[in-house]
Amino acid sequence: MTKLIRNLMVVVLSLFAVTMMGCSKDDVVIPQNQLPQNAQTFITTYFHDCTVAQVIKDGREYEVYFTNGFEIDFDKKGEWESVDCKNVAVPTGIAPETIVNYVNQTFAQCFIVEISRDRHGYDVELNNGLDLDFDKNGNFIRIDD
């Protein structure tokens, strides 16, 4: 019985530690309608069939979690930074056309499941696990390790 209690305590403390590492004091759960208008429009446009489970304001950024497991990160202005659709294709219109064309021509049996962008360019993950880097104009740079 003592070993069972000790193991249970280890599990509980581990879960608590993981939870605390994932949360910062700046994380605040907010209603979806408190997202910047750009973010609300993006969700309505591309994810109208999905249900938002939770919205977290993390300092000056927003993290949106859907009940189907999808995730979107927005910057403080409501511009998307990353879209993760797990094993489902990212909705048409999110990835720049040059990137979509490159993927369709080079990896015909694959599709984009995750895309992120920053000031340097785009990082794209395909359903086969490949990670591709593109510049800010959507030109292919390399396959990322």
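The values are calculated or read from the model by the stated rules, or taken from the named source; none is laboratory data. As the structure is a computational prediction, the values presented were derived from the model and not from experiment. Cβ coordinates were reconstructed from backbone atoms using ideal geometry, including for glycine residues, and neighbour counts include every protein chain displayed. These accessible areas exclude ligands, DNA and RNA; they are computed on the full protein's heavy atoms, side chains included. Shrake-Rupley method; radii C 1.70, N 1.55, O 1.52, S 1.80 Å.
Scanning the range 54-91 for residues that are out of contact with any helix residue (DSSP H, G or I) (no Cβ under 8 Å at 6 or more places or on another chain) and either at positive phi or of a type in the set (S, T, N, Q) (or both) yields 54, 59, 67, 68, 69, 82, 86, 87. Looking at residue 89, is it at pLDDT below 95, open to solvent by 30 Å² or more (accessible area, probe 1.4 Å) and hydrophobic (A, V, I, L, M, F, W, C)? So residue 89 does not fit the description; no. So which residues in the range 115-136 are within 15 Å of residue 85 (Cβ to Cβ) and aliphatic (A, V, I, L, M)? Listed by number, the residues that qualify are 115, 124, 126. Sub-7 Å Cβ pairs linking a first residue in the range 42-62 that is farther than 11 Å from residue 32 by Cα and at pLDDT 95 or above to a second residue that is of a type in the set (D, E, K, R) and surrounded by 13 or more Cβ atoms within 10 Å (Cβ to Cβ), at least 6 apart or interchain, are 61/73; 61/75, ordered by first then second residue. Among the residues examined, residue 102 qualifies as open to solvent by 50 Å² or more (accessible area, probe 1.4 Å), at pLDDT 95 or above, more than 16 Å from the chain's Cα centre (by Cα) and of a type in the set (Phe, Trp, Tyr).
Does residue 27 satisfy the condition of being at pLDDT below 95 and open to solvent by less than 60 Å² (accessible area, probe 1.4 Å)? Lay out the reasoning, then the answer.
Numbers: at pLDDT below 95: yes; open to solvent by less than 60 Å² (accessible area, probe 1.4 Å): yes.
Yes, satisfied.
Residues that are under 16 Å from residue 140 (Cβ atoms) and assigned to a strand (DSSP E or B) within the range 101-115 comprise 112, 115, listed in sequence order.
Within the range 91-122, which residues are of a type in the set (Gly, Ala, Ser) and over 24 Å from residue 48 (Cβ atoms)? Before the answer, list the steps.
First pass over the range 91-122, keeping only residues of a type in the set (Gly, Ala, Ser): 93, 95, 108, 116, 121.
Selection gives 108, 121.
Answer with yes or no whether residue 72 is without any contact (Cβ under 8 Å) to a residue 40 or more places away in the chain and surrounded by 15 or more Cβ atoms within 10 Å (Cβ to Cβ). Steps first, please.
Values: without any contact (Cβ under 8 Å) to a residue 40 or more places away in the chain: yes; surrounded by 15 or more Cβ atoms within 10 Å (Cβ to Cβ): yes.
So residue 72 fits the description; yes.
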